[in-house]
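The values are calculated or read from the model by the stated rules, or taken from the named source; none is laboratory data. Computed from a predicted structure; not experimentally measured. Cβ coordinates were reconstructed from backbone atoms using ideal geometry, including for glycine residues, and neighbour counts include every protein chain displayed.
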Ligand code: KG4
Ligand code: ZN
């Protein structure tokens, strides 16, 4: 079963061809980074216009690289939620037209579930596990029962972790995208130059929640209060920020592992590329940690085609009146577990 996957939810125009939900035949990602860099952030109007220009050549390249024609495709999967609505609409409209023209089903896929599926494209992973989804728009700790059954345990109460990297980087002009720039800069820095604060753990149902606005604010507006080293460099600031940003996340993640007894973690999303998260998690010897390769961490069509293949296997498809949704409401917290603290 061959699925064409299309991803245009943010600033990457991507198309991929995946066989049987697993084998990547092609994965073309046209990144718009250079077009948004001068604004230090994604400009939605620019993003959707570029998707409109790029979608056809990107899909053609994906088919060509995979060595397949339109007649070989069994279904089209496309990100329909969440994301920038104008950008989503480009991919969704294209996917509908392609599917209609080819007389094959199309499937609207949830971008968040697809990020968690990304690691399955390269690894045999048993369910259930603890999922850690960290991107520019989301920070989610969850229990993943299967590709479509995800129970949210914790999420951010304000900024997403990638958003905090992006905003701090934007403020100091460290580079764009912020996460990549800070990760790189931090390599030459002293991570104890600043003692930035992290939020306290919440109690009860919110004990896996994270918060990044305090850290972001400290790193942008209150550096003098938390500076412990004389004459710190930008690299020191980046390293100190990154240490705390990763620490906030891993403290809750550890708690989720200990409370559930699930000794397997699958990470996904752009921030999964972060070298400090990877290095720290590598020391958790009692837990199996699975990361996608770097290309599958950030937005890509392969994760959409892969997850689409799983739905198709089950006989699912979407109706043509499916609309794009900027947010998802299906991610309600539904994980009351007995152990509190
Ligand atoms: O998953 P993604 O490509 O798009 C969203 O769905 O948001 O993630 C993009 C985010 C951005 O915030 C970017 O700064 C962050 O991932 N990112 C990183 C790294 N590489 C990308 N954050 C920290 N360290 C990195 N190495
Ligand atoms: Zn994403």
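Can you tell me which residue within segment 268-290, out of those that are without any contact (Cβ under 8 Å) to a residue 60 or more places away in the chain and under 21 Å from residue 136 (Cβ atoms), is farthest from ligand 2 (Cβ to nearest atom)?
Per the criteria, the residue is 280.
Kindly establish whether residue 265 is away from ligand 2 (no atom under 16 Å from the Cβ), modelled with pLDDT of 95 or more, not in a helix (DSSP H, G or I) and not assigned by TED's automatic domain parsing to the domain that holds residue 48. Don't jump to the end; show me each part of the working.
Details: away from ligand 2 (no atom under 16 Å from the Cβ): yes; modelled with pLDDT of 95 or more: yes; not in a helix (DSSP H, G or I): yes; not assigned by TED's automatic domain parsing to the domain that holds residue 48: yes.
Considered against the rule, which asks whether it is away from ligand 2 (no atom under 16 Å from the Cβ), modelled with pLDDT of 95 or more, not in a helix (DSSP H, G or I) and not assigned by TED's automatic domain parsing to the domain that holds residue 48, residue 265 comes out as yes.
In segment 198-220, which residue that is more than 24 Å from the chain's Cα centre (by Cα) and at pLDDT 95 or above is surrounded by the fewest Cβ atoms within 10 Å (Cβ to Cβ)?
Looking at the filtered set, the residue picked out is 220.
Can you confirm whether segment 241-261 contains a residue that is at pLDDT 95 or above, out of contact with any helix residue (DSSP H, G or I) (no Cβ under 6 Å at 6 or more places or on another chain) and assigned to a loop (DSSP other than H, G, I, E, B)?
Yes, segment 241-261 contains at least one residue that is at pLDDT 95 or above, out of contact with any helix residue (DSSP H, G or I) (no Cβ under 6 Å at 6 or more places or on another chain) and assigned to a loop (DSSP other than H, G, I, E, B).
Determine whether residue 181 is within 16 Å of ligand 2 (Cβ to nearest atom) and not assigned by TED's automatic domain parsing to the domain that holds residue 308. Explain how you work it out, then say what you get.
On the way: within 16 Å of ligand 2 (Cβ to nearest atom): no; not assigned by TED's automatic domain parsing to the domain that holds residue 308: yes.
Taking the combined requirement at face value, the residue does not satisfy it.
Can you tell me which residues in segment 283-312 are more than 15 Å from ligand 1 (Cβ to nearest atom) and over 14 Å from residue 109 (Cα atoms)?
Once the filter is applied, which keeps residues that are more than 15 Å from ligand 1 (Cβ to nearest atom) and over 14 Å from residue 109 (Cα atoms), segment 283-312 yields 283, 284, 285, 286, 287, 288, 289, 290.
Has segment 112-131 got at least one residue that is surrounded by fewer than 20 Cβ atoms within 10 Å (Cβ to Cβ) and within 15 Å of the chain's Cα centre (by Cα)? Give the derivation first.
Of segment 112-131, the ones surrounded by fewer than 20 Cβ atoms within 10 Å (Cβ to Cβ) are 122-128.
If we keep only those that are within 15 Å of the chain's Cα centre (by Cα) as well, we get none.
Scanning segment 112-131 turns up no residue that is surrounded by fewer than 20 Cβ atoms within 10 Å (Cβ to Cβ) and within 15 Å of the chain's Cα centre (by Cα).
Among the numbered criteria (1) away from ligand 2 (no atom under 16 Å from the Cβ); (2) in contact with a strand residue (DSSP E or B) (Cβ under 9 Å, 6 or more places away or on another chain); (3) assigned by TED's automatic domain parsing to the domain that holds residue 262, which one does residue 170 miss?
(2) is the only condition that residue 170 fails.
Take the residues of segment 153-168 that are over 30 Å from residue 38 (Cβ atoms) and surrounded by fewer than 20 Cβ atoms within 10 Å (Cβ to Cβ): which is farthest from ligand 1 (Cβ to nearest atom)?
Ranking the candidates gives 157 first.
For residue 75, only one of the following conditions fails: (1) more than 16 Å from ligand 1 (Cβ to nearest atom); (2) within 29 Å of residue 176 (Cα to Cα); (3) in contact (Cβ under 8 Å) with a residue 60 or more places away in the chain. What is its number?
(2)
Would you kindly identify the helices (runs of 4 or more DSSP H) lying entirely within segment 6-107 that contain at least 1 residues that are surrounded by fewer than 23 Cβ atoms within 10 Å (Cβ to Cβ) and touching a strand residue (DSSP E or B) at 6+ places or on another chain (Cβ under 7 Å)?
Details: elements: 33-36, 44-66, 85-102.
Answer list for segment 6-107: 44-66, 85-102.
Which count do you get for residues in segment 280-317 that are more than 16 Å from residue 82 (Cα to Cα) and in a loop (DSSP other than H, G, I, E, B)? Spell out the reasoning first.
First, pick out the residues of segment 280-317 that are more than 16 Å from residue 82 (Cα to Cα): 280-297, 302, 305-306, 309-317.
Checking which are in a loop (DSSP other than H, G, I, E, B) leaves us with 282-287, 291-293, 314-317.
Total meeting the criteria: 13.
Does residue 126 satisfy being away from ligand 1 (no atom under 16 Å from the Cβ) and more than 19 Å from residue 294 (Cα to Cα)?
Yes, satisfied.
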